[in-house]
Amino acid sequence: MAAEGRRTGILHALAAATAYGTLPSMVRAASSLGVPAVESAVLRTLVAATLLGAVVAVSGAGFRVPRAARAAFAGQALATLAISVSYLMAVEYIPVGLAVIIFFTFPVLITLAAPLVEGHRPATASLVAAGLAFAGLALAIGPRFDGLDPRGLLLAAIAALGAVVQFFTGRMLARHMQPSQFGALVHLLILPVLLVLALSLHGGSLALMGGQGWGLVLAGALSLLYGLGYMMHMRALSAAPASVVAPFFNLEPVVGLSIAALALGERLALLQYVGGGLVLAALLVAASGPAQAEAR
């Protein structure tokens with residue numbers, strides 16, 4: 001892998017992580033102002049499909065999915081749907097900070113899965129990172145589930161697994177299509193599913209249709225940030241393998257936790273902070289693995 005591609009991938013990954021990191025707190029705030037999380041997902045999906053589709057239309061690239069890319073496209077769509085529903089709904093049941101900690105086991109999972117998917121030997125750093133991550137997660141959740149809604153824990157875990165699939169399939173798709181091409185189609189495909197889910201959860205109507213004020217402003221802002229983040233995310237994967245760029249998404253939980261503390265006033269228990277610190281340490285260890293492998 002060329003050094004320039006690695007640098008480009010890392011820069012795009014950091015930009016995506018910054019954009020994504022703002023979303024959980026904005027979703028929670030919008031929900032408190034009358035826009036449910038699933039409806040924020042509907043709006044952000046519509047905005048992403050529109051923005052990315054406009055990029056494709058201007059470039060004249062077209063929307064055809066090559067036969068060789070169809071399996072990866074299906075995986076990307078399912079993974080994006082899982083994240084859109086699960087991660088944003090998780091913050092309605094558990095604190096944003098805890099949802100972020102659980103979700104951000106995905107870079108370590110990607111590092112562990114990379115030898116099978118990308119065809120290289122597992123690194124010692126990967127095993128160390130996995131141990132730290134699971135220890136941190138155990139501390140973050142705690143030995144008891146008092147005060148923690150299991151629905152939120154499950155949703156955050158599903159989102160983490162979806163992120164693993166999204167990274168690997170995004171890299172596969174980037175070999176055949178531009179990120180704006182498959183991104184527009186993916187979001188257009190999952191939009192009806194999210195819309196039906198939102199309608200079924202809220203009695204056949206949408207709060208967005210009659211909403212007003214800061215709730216709609218926040219929903220619109222997070223939709224634009226998500227569209228930007230997704231584009232940067234997929235551009236990172238088109239420049240470098242998933243195992244290289246994924247660890248640099250450790251910036252996202254830092255952003256997410258900081259905003260939750262500053263804007264929402266959330267405070268986790270001491271052990272949860274320690275657990276979160278171990279998870280972040282695991283991501284840093286995982287990030288050192290690819291660089292060491294390249295150096296050798």
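All conditions in (1) charged (D, E, K, R); (2) modelled with pLDDT under 85; (3) within 29 Å of residue 51 (Cα to Cα) hold for residue 144, with the sole exception of (3). Answer with yes or no whether residue 276 is farther than 22 Å from residue 92 by Cβ, in contact (Cβ under 8 Å) with a residue 40 or more places away in the chain and touching a Gly at 6+ places or on another chain (Cβ under 9 Å). No.
Only residues that are modelled with pLDDT under 85 and of a type in the set (Ser, Thr, Tyr) were counted across the range 235-254, and they come to 1.
Looking at the range 56-166, the helices (runs of 4 or more DSSP H) lying wholly inside it that each contain 3 or more residues that are within 20 Å of residue 41 (Cβ to Cβ) sit at 70-90, 96-103.
The values are calculated or read from the model by the stated rules, or taken from the named source; none is laboratory data. Computed from a predicted model, the values in this text were never measured in an experiment. In this analysis, Cβ positions are derived from the backbone assuming ideal geometry, glycine residues included, and neighbour counts consider all displayed protein chains.
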